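Contents: one structure, followed by commentary.
The values are calculated or read from the model by the stated rules, or taken from the named source; none is laboratory data. Fair warning: this is a prediction, and the values are worked out from it, not measured in the lab. Glycine gets a Cβ as well: all are built from the backbone with ideal geometry, and neighbour counts include every protein chain shown.
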């Protein structure tokens, strides 16, 4: 098995684990919101820090889910221009869009990493009733951004090589 095939398999597994973690966190945020609403409306006492914690978790959820959404082709696609293209033009369009998306996601990942490092250095805490450290949330979000960058690059390499994709739904949509 080639190095790229092993790297490809590893990226797909890590991406899927990120997706599972994001799904579990989404369930937790939903439960937290439910408990907070019930507490506020029944007992006139909101749970301190729920809004801040939910906001921090939502950022993590979005970034952890990006790579798997891209791998599955789950992003919104507007294919008005590409539907009438031939196979070569469609492939070139896909290469261009994956390149742009990969570069932009790489820039986002780089800046998110810088923010996470800064947060660790300053021991940043959330403002509000519950002061919890923000750096772990920013670090996981940065990891998710790098994972999404790697997924864009994985798809770009496959597209440039002219190989068909093995992931479900992949290859049917552009970035």
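Just to be sure before I move on: is residue 151 closer than 30 Å to residue 31 by Cα, modelled with pLDDT of 95 or more and surrounded by 15 or more Cβ atoms within 10 Å (Cβ to Cβ) in the structure I sent? It is false that residue 151 is closer than 30 Å to residue 31 by Cα, modelled with pLDDT of 95 or more and surrounded by 15 or more Cβ atoms within 10 Å (Cβ to Cβ). Only one of the numbered conditions (1) free of Cβ contacts under 8 Å to residues at least 60 places away in the same chain; (2) surrounded by fewer than 16 Cβ atoms within 10 Å (Cβ to Cβ); (3) under 24 Å from the mean Cα position of the chain (by Cα) is violated by residue 99, and that is (2). Looking at 25, 66, can you tell me which residue is buried (at least 16 other Cβ atoms within 10 Å of the Cβ), in a helix (DSSP H, G or I) and without any contact (Cβ under 8 Å) to a residue 60 or more places away in the chain? Within the list 25, 66, the selection yields 25.
Somewhere in segment 39-53, is a residue surrounded by fewer than 16 Cβ atoms within 10 Å (Cβ to Cβ), touching a helix residue (DSSP H, G or I) at 6+ places or on another chain (Cβ under 8 Å) and over 21 Å from residue 101 (Cα atoms)? Write out each step before concluding.
To start, the set of residues in segment 39-53 that are surrounded by fewer than 16 Cβ atoms within 10 Å (Cβ to Cβ) comprises 39-46, 48.
Narrowing the set further to residues that are touching a helix residue (DSSP H, G or I) at 6+ places or on another chain (Cβ under 8 Å) leaves 45-46.
Add one more test, that the residue is over 21 Å from residue 101 (Cα atoms), and what stays is 45-46.
Within segment 39-53, one or more residues are surrounded by fewer than 16 Cβ atoms within 10 Å (Cβ to Cβ), touching a helix residue (DSSP H, G or I) at 6+ places or on another chain (Cβ under 8 Å) and over 21 Å from residue 101 (Cα atoms).
In segment 140-152 there is no residue matching the filter, namely being in contact with a helix residue (DSSP H, G or I) (Cβ under 9 Å, 6 or more places away or on another chain), outside any helix (DSSP H, G or I) and within 21 Å of residue 58 (Cβ to Cβ).
Kindly evaluate residue 30 against the criterion of being in a helix (DSSP H, G or I) and exposed (fewer than 13 other Cβ atoms within 10 Å of the Cβ). It would help to see each step written out before you state the result.
Values: in a helix (DSSP H, G or I): yes; exposed (fewer than 13 other Cβ atoms within 10 Å of the Cβ): yes.
Yes; evaluated as a whole, the condition is true for this residue.
Could you tell me whether residue 104 is at pLDDT 95 or above, in a helix (DSSP H, G or I) and within 18 Å of residue 159 (Cβ to Cβ)? Working first, answer last.
On the way: at pLDDT 95 or above: yes; in a helix (DSSP H, G or I): yes; within 18 Å of residue 159 (Cβ to Cβ): yes.
In short, yes.
Does residue 120 satisfy being in contact with a helix residue (DSSP H, G or I) (Cβ under 9 Å, 6 or more places away or on another chain), within 23 Å of residue 68 (Cα to Cα), part of a helix (DSSP H, G or I) and modelled with pLDDT of 95 or more? Here the answer is no, as residue 120 does not meet what is asked.
In segment 105-122, the residues that are in contact (Cβ under 8 Å) with a residue 60 or more places away in the chain form no Cβ pair under 7 Å with any partner that is buried (at least 17 other Cβ atoms within 10 Å of the Cβ) and not in a helix (DSSP H, G or I), whether six or more places apart or across chains. Against the criterion of being in contact with a helix residue (DSSP H, G or I) (Cβ under 8 Å, 6 or more places away or on another chain) and within 27 Å of residue 51 (Cα to Cα), residue 102 does not qualify.
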